[in-house]
Amino acid sequence: MMSDTFEPKIVAFVCNWCTYTGADLAGTSRMQYPANVRIIKLPCTGRISPLFIMKALEQGADGVLVSGCHPGDCHYTAGNYHARRKYTIFREMLHFLGVEPERLFFSWVSAAEGRKWADLVAEVTDTVRRLGPRRSAWGEPVEGIAAPRLSANPVPFEAPAGTFAAQAEAMREKAKALLAGGEVGTVIGYEQGTLPGTARPAFVSTPEEVDRLVWNEHCHQNLAVYAARKPAKPGKVALVVKPCDERSLVGLLQENRLAREDVVLIGMACHGVQSEGALAPRCAACQTRTPALADPVIGEATPPTATADPRLEQIARIEQMAPAERWNFWQGHFSRCLKCYACRAACSLCTCERCLAEKAQPRWIPAPPDGAGNLSWHAVRAWHLAGRCVDCGACSAACPADIPLYLLNLKLAQVVKDAFDYEAGRDPAAAPPLTTYREDDAQEFIR
Amino acid sequence: MARVGVFICHCGENIARTVDCARVAEYAATLPGVAHAVDYRYMCSDPGQRLIETAIREHGLTGVVVASCSPHMHEVTFRRTVARAGLNPFLCEMANIREQCSWVHEDREAATAKACELVRLMVEKVKWNTALEPIHVPVTRKALVIGGGIAGIQAALDIANGGREVILVEKGPSIGGHMAQLSETFPTLDCSQCIMTPRMVEVKNHPNITLYTYAEVEKVDGYIGNFAVTIRKKARCVDEALCTGCGECQSKCPQGKLKTSVIPNEFDLGLSRRPAIYVPFPQAVPNVPVIDKEHCRYFQDGKCGVCQKVCPAKAVDFTQTDQVVTEQVGAIVVATGYDVMSSGEYGEYGGGRYPDVIDGLQFERLLSASGPTGGEVKRPSDGKVPETVVFIACAGSRDRSHGVPYCSKICCMYTAKHAMLYKHKVHHGQAYVFYMDIRAGGKNYDEFVRRAIEEEGAVYLRGRVSRLYQKDGQLIVKGADTLSGQPVEIAADLVVLATAIQARPGSDALAQMLKVPYDGYGFLSEAHPKLRPVETNSAGVYLAGACQAPKDIPETVAQASAAASKVLGLFSMEQMEREPTVSVVNERTCIGCFDCERVCPFGAIEHREIRDRRGNLLKVVSHVNEGVCAGCGACATTCRSGSIELRGYTDEQVFAQIAAVGV
Ligand SMILES: Cc1cc2nc3c(=O)[nH]c(=O)nc-3n(C[C@H](O)[C@H](O)[C@H](O)COP(=O)(O)OP(=O)(O)OC[C@H]3O[C@@H](n4cnc5c(N)ncnc54)[C@H](O)[C@@H]3O)c2cc1C
Ligand code: SF4
Ligand code: SF4
């Protein structure tokens, strides 16, 4: 008889060759285990997208188990190595979003390990049963828990006197020369914005127009977002880039969105930029102050004043929260999301012609801007930028609802750095971290 | 509207004992889209299968779910069943309610409830299934073998004797590889040339084998069954059709004069000299010389031309140029072999500095009857017959700091052979062997080593050599015998280093051309270390011999024959049939980032240009070669824009199952 105790629903994604066969073996050996697991068979862990885990949580699963062949035993040689990298990041992301880590399980079960499968299912069921039902549905806040807030201490901005003006002059000269010599058809730089103390992108195509271009602490936008787009005027494009913007170009080079010779880069040595009257937090301890790829580098950089990135403390504070608090912290922010996709439009690395968010069949991301739709959108956005985001700050700056997207991006960048010793936007020849693997990649989280 | 039929099997008592099959059928009938649901004692029996066939016809079913045992057991059976009734076999799915339900749960309620859910999952999935047709790939039944060592020779002969055409491409002027350089071979001590030469001649004369020597593969396009290979035949400057192999040219070439020649003979590893026009060794196949242009006076300063004058067949042709040929083949066997680390490269133990410190292959040449000393063991410096010889095993192998970390596998055996053959030639001589461990696994191998020690009097010292220096025309070898704990010092006349076996330089470039993975040392990787030892992840490309890892001749030949049988297996069909569960790209949404290409373990992703009607390039997108794709789905998971689907496991199908769990 079914008991009155909570019977969790657990979705297990397993590979065809090892774990599915191992589960069959448990059957032929008549090993008994709880009846809570629903197996979904796929050919390989390489096919088990982390987004399936998200989908299962969205659909109400109480726990999710992913299992495949042990390293070295993959029927397709490397599927599990690729999968392991993906799970490493995705799992950390879900934790950071407040999903209870105890509900997610990863394991290697070979075709010979019927016993291991039976024991695993028993343990997983028992763990999830003890945890009880999920405390809230996907995208809904947990009731009775306040959504914590974070505040940052602004760092005053002090740009060394005269540096911006001298750089601006040199930049305009270069831009004029490029246009006059016909080397480029368009220069994309910054001009004075409508409001005082702002700057906005400017497209100039004649030497005369160049005088509009400015360079100052308000030039925070990442103009690399225009790099992979077709210019309106014939000819090449020259971009005015900060060192962090340039890193997104490295990503575009890695992903074949662009060839280096397609753009001319006017690199601006950096002193940090301003945000809300203070030094942008991402600039406080930024070490990348001189462009590395640019054709000319204009000016001398100012070294950072802070030794530690103030945002790391925010991340640490989020990590210290209990999962339910963390969950509510994010639901609080995501509930403001309008699904305007300004973050996506501002991101120079979001180059898909049709974003997954717009894919209707099947629907990866619930369309309405409600709890589930917003959470799935933000999870997918962050996931798709893992190992690619260069921390240029464009998405957070573009968000009209002030959602601190950078926290999620930065957290994932940390995970990628710690797990794979990889930093996005450094080496155009490097393989992106989620398209490669090492046989000895860490795997403590896999049982 | 879907019309799914659900068929619940009792499997005798196997399922029915714990699962109430009638109730599952009743439940299934209530699911949206289910047109028919029944339970039956044995679905896989003839009447069971007929029941399914009849239902498909009578109810006009568009999909079938058989809830019974594991699909690993009967998926093939039931797919055939539905096909007989005219339904596409890929519209049939199985819900595993035996291995993963009735056999692992005792509680009838819980098991029945779970069986209902498993059925529901599959009903939801099958609604998204689409008819898939098997992929037929034509097969060009002709093979390319790259490398003409014993591995390549064996593979080529096996395939040719199996009735299929073979193209054998050898980089050097003759086939034979390293085996042709060996004197006698362990563990039987038969003469290498004697067992090798007939094989080489057979290759030359075989009607099914086209031999390209002094040639290299430059480019490989295509995929299994359909490769196009470009081969460069380097100019020999001797017309193969005219040359009779009389050898007149070689003997008259002024660059080959015994006293003055400076051209090291590669075949003898520099222990002798050769002319500028030469056949590498007397038994070479083909027995046609080549001109080494770098050392030929005619090519260097336009004077000479003696060979052309003396050639009775008028075969010498200085104007010959490289020829590039393209061949269509269906399978490729890579047999490019190995190299030994030269004693100079290893550096330790005076290698490269002292003329009397040589490597194992050089010692083979000193032992060989056709070698530079006519088979008498004479040391290189002064031609003296060495009375004390020290052999040092693991020179560079299992040595992380100066060499390679792996074991070269064959050195223990050939060192024992060397000690033995030396004793056969120099009866009063004494051989010492420094070793780390003796690895002599194999039929009659341990016996062989013991014979060297017990019958041939070789002194085996377990320990590493710590110092080696020259003194009074001898080599002083200092080391320790770790078994007795005593230091040892030996004044030797000759030192032979068993240097590490390495991958050929350039094997990585070849591997990249063939899309075959290779390890950190350049050895090519097999598809599975246990179960697919001669296949590679590049479908249609097979491995034979030491290009995969250090190997002795018996192992090499076994692997070559295995590779040949794989090729013949492939060639037994005019068309290859492949499972249609492969990936497919949505070219409209693909942005050409080629992350899919980076993760595909099989190199199945190609670049396809999309052009407008006027031929302007619009974009380059990914394209899956169905002949190569193995259906793992790594690409589909990696593609951010959701532009790749794996047929049979599409996102829709998975989502439908996930959603069905939550109901
Ligand atoms: C000192 C010594 C003693 C040995 N004694 C014994 C013994 O007594 N008994 C025994 O069983 N084994 C012995 N071996 C091992 C034996 O030599 C090997 O097992 C065997 O030669 C391997 O054959 P193979 O065809 O794989 O490679 P190889 O003999 O190396 O042949 C490879 C061939 O491929 C050609 N090639 C390379 N690259 C290309 C390319 N890109 N394109 C075209 N052609 C290419 C090469 O020119 C060569 O002809 C000994 C080895 C050594 C070093
Ligand atoms: S990963 Fe996707 S978008 Fe990128 S090339 Fe492959 S199919 Fe196209
Ligand atoms: S399914 Fe696997 S084998 Fe096929 S193209 Fe995609 S990654 Fe390559």
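Tabulated values for the structure
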| item | result |
| --- | --- |
| Only listed residue being under 20 Å from B:Ala395 (Cα atoms), open to solvent by less than 10 Å² (accessible area, probe 1.4 Å) and not in a strand (DSSP E or B), chosen from B:Ala511, B:Ala419, B:Ala498 | B:Ala419 |
| Checklist (1) open to solvent by less than 60 Å² (accessible area, probe 1.4 Å); (2) more than 9 Å from chain A (Cβ to nearest Cβ); (3) away from ligand 1 (no atom under 16 Å from the Cβ) applied to B:Ala527, failing item | (2) |
| Matching helices (runs of 4 or more DSSP H) fully within region A:340-441 where at least 3 residues are of a type in the set (A, V, I, L, M) and under 28 Å from A:Ala294 (Cα atoms) | A:342-346, A:394-398, A:405-420 |
| Options B:Val516, B:Val534, B:Val584; residue that is crowded, with 20+ Cβ neighbours inside 10 Å, within 16 Å of ligand 3 (Cβ to nearest atom) and of a type outside the set (D, E, K, R) | B:Val516 |
| Filtered residue count, region A:160-209, keeping only those that are among the β-branched types (Val, Ile, Thr) and assigned to a strand (DSSP E or B) | 4 |
| Options B:Val654, B:Val567: the member that is within 11 Å of chain A (Cβ to nearest Cβ), away from ligand 2 (no atom under 16 Å from the Cβ), of a type in the set (A, V, I, L, M) and in contact with a helix residue (DSSP H, G or I) (Cβ under 7 Å, 6 or more places away or on another chain) | B:Val654 |
| Options B:Lys204, B:Lys259: the member that is more than 19 Å from B:Ile291 (Cβ to Cβ) and without any contact (Cβ under 8 Å) to a residue 12 or more places away in the chain | B:Lys259 |
| Complete set of residues in region A:367-384 that are more than 10 Å from chain B (Cβ to nearest Cβ) and either open to solvent by less than 30 Å² (accessible area, probe 1.4 Å) or within 19 Å of A:Leu407 (Cα to Cα) (or both) | A:Gly371, A:Ala372, A:Gly373, A:Asn374, A:Leu375, A:Ser376, A:Trp377, A:His378, A:Ala379, A:Arg381, A:Ala382 |
| Enumeration of residues in region A:5-32 that are surrounded by 24 or more Cβ atoms within 10 Å (Cβ to Cβ), more than 7 Å from chain B (Cβ to nearest Cβ) and among the hydrophobic types (A, V, I, L, M, F, W, C) | A:Ile10, A:Ala12, A:Phe13, A:Val14, A:Cys15, A:Cys18 |
| When residues of region B:67-86 are limited to those that are open to solvent by 20 Å² or more (accessible area, probe 1.4 Å) and more than 40 Å from the chain's Cα centre (by Cα), the one nearest to the other protein chains (Cβ to nearest Cβ) | B:Arg84 |
| Residue list for region B:184-224, filter: under 19 Å from B:Ala369 (Cα atoms), in contact with a strand residue (DSSP E or B) (Cβ under 7 Å, 6 or more places away or on another chain) and open to solvent by less than 30 Å² (accessible area, probe 1.4 Å) | B:Ser192 |
| Subset of region B:615-635 that is within 26 Å of A:Val14 (Cβ to Cβ) and within 10 Å of chain A (Cβ to nearest Cβ) - its residue that is farthest from ligand 1 (Cβ to nearest atom) | B:Gly633 |
| Cβ-Cβ under 7 Å pairs, at least 6 apart or on other chains, region B:163-184 side more than 23 Å from B:Val325 (Cβ to Cβ) and within 14 Å of chain A (Cβ to nearest Cβ), far side more than 16 Å from ligand 3 (Cβ to nearest atom) and open to solvent by 10 Å² or more (accessible area, probe 1.4 Å) | none |
| Strands (runs of 3 or more DSSP E) contained in region B:99-207 and holding at least 3 residues in the same structural domain as B:Val567 (by TED's automatic domain parsing) and within 16 Å of ligand 1 (Cβ to nearest atom) | B:142-146, B:165-169 |
| Search result, residues across region B:101-143 that are aromatic (Phe, Trp, Tyr) and under 17 Å from B:Cys9 (Cα atoms) | B:Trp103 |
| Residue list for region B:585-607, restricted to those being part of a strand (DSSP E or B) and more than 10 Å from ligand 2 (Cβ to nearest atom) | B:Glu606 |
| Number of positions in region B:238-254 that are assigned to a helix (DSSP H, G or I) and over 12 Å from B:Val279 (Cα atoms) | 2 |
| Tally of residues being out of contact with any Leu (no Cβ under 6 Å at 6 or more places or on another chain) and either in a helix (DSSP H, G or I) or aromatic (Phe, Trp, Tyr) (or both) across region A:103-147 | 19 |
| Looking only at region B:307-334, and only at residues there that are surrounded by fewer than 20 Cβ atoms within 10 Å (Cβ to Cβ) and of a type in the set (A, V, I, L, M, F, W, C), the one that is farthest from B:Lys257 (Cα to Cα) | B:Val325 |
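The values are calculated or read from the model by the stated rules, or taken from the named source; none is laboratory data. Everything numeric here is computed off the predicted structure, so don't read it as measured data. So basically every Cβ, Gly included, is an ideal-geometry build from the backbone, and we count neighbours across all protein chains shown. Heavy atoms of the whole protein, side chains included, go into the accessibility calculation; ligands, DNA and RNA do not. Shrake-Rupley method; radii C 1.70, N 1.55, O 1.52, S 1.80 Å.
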